[in-house]
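Remarks on the structure that follows.
The values are calculated or read from the model by the stated rules, or taken from the named source; none is laboratory data. Note that the structure is predicted; figures quoted are calculated from it, not measured. Cβ placement follows ideal geometry from the backbone for every residue including glycine, while neighbour counts extend to all protein chains displayed.
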Amino acid sequence: MKKPEKKAKSSESFKKALFKTLPKLLEKDESFRAQFITFLKPYFAEKEKTEDRFNILLEEIKILREEGERRWQEAIRRLDEQEKRLEEHSKKLELLTQELISLRKRQDVQIGALGARWGLKTERSFRNKELGIVVYTDVPIWEEEFNEGL
């Protein structure tokens, strides 16, 4: 049991020593640094390739953002057009409503006048009939105003 414990302690002390000396070696010894980088290269992405990919992604994001902005501007333009058309339709609808109200009033007046004429002619016709039936009788004209509707 002493061997695994000793090995673990030895491994820990080696790590501590490595972490202590590695930064100094990388900074001062250029050949060590190059060899160290070559050794670790398979585990990390290359800086140039990563930057190229990153720049490509940034360009794609820029294009998407510009395209999105164009779409928003187009949607806003179309919405403004629809708003103008809606206002025009509202004005036309208001004019049609006023015209309909005017026509209804005119129709009411004409129907009232027609009813008055019909009433007068009917009354005259009725009086003449009564005069023909009842001789020597006075049939007076009946006049009364109706201010309220039916």
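Given the condition at pLDDT 95 or above, out of contact with any helix residue (DSSP H, G or I) (no Cβ under 9 Å at 6 or more places or on another chain) and either in a helix (DSSP H, G or I) or surrounded by 10 or more Cβ atoms within 10 Å (Cβ to Cβ) (or both), answer yes or no: does some residue in segment 108-123 qualify? Walk me through how you get there before you give the answer.
Applying the first criterion (at pLDDT 95 or above) to segment 108-123 yields none.
No, segment 108-123 contains no residue that is at pLDDT 95 or above, out of contact with any helix residue (DSSP H, G or I) (no Cβ under 9 Å at 6 or more places or on another chain) and either in a helix (DSSP H, G or I) or surrounded by 10 or more Cβ atoms within 10 Å (Cβ to Cβ) (or both).
In the set Lys20, Lys41, which member is basic (Lys, Arg) and surrounded by 10 or more Cβ atoms within 10 Å (Cβ to Cβ)?
Values: Lys20 fails: surrounded by 10 or more Cβ atoms within 10 Å (Cβ to Cβ).
Only one candidate passes the filter, namely Lys41.
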Return yes when Glu59 is acidic (Asp, Glu) and surrounded by 10 or more Cβ atoms within 10 Å (Cβ to Cβ) and no when it is not.
yes
Determine, yes or no, whether Glu48 is modelled with pLDDT under 95, loosely packed, with under 10 Cβ neighbours inside 10 Å, outside any helix (DSSP H, G or I) and more than 25 Å from the chain's Cα centre (by Cα).
no
Would it be correct to say that Leu26 is of a type in the set (A, V, I, L, M, F, W, C), surrounded by 10 or more Cβ atoms within 10 Å (Cβ to Cβ) and at pLDDT 90 or above?
yes
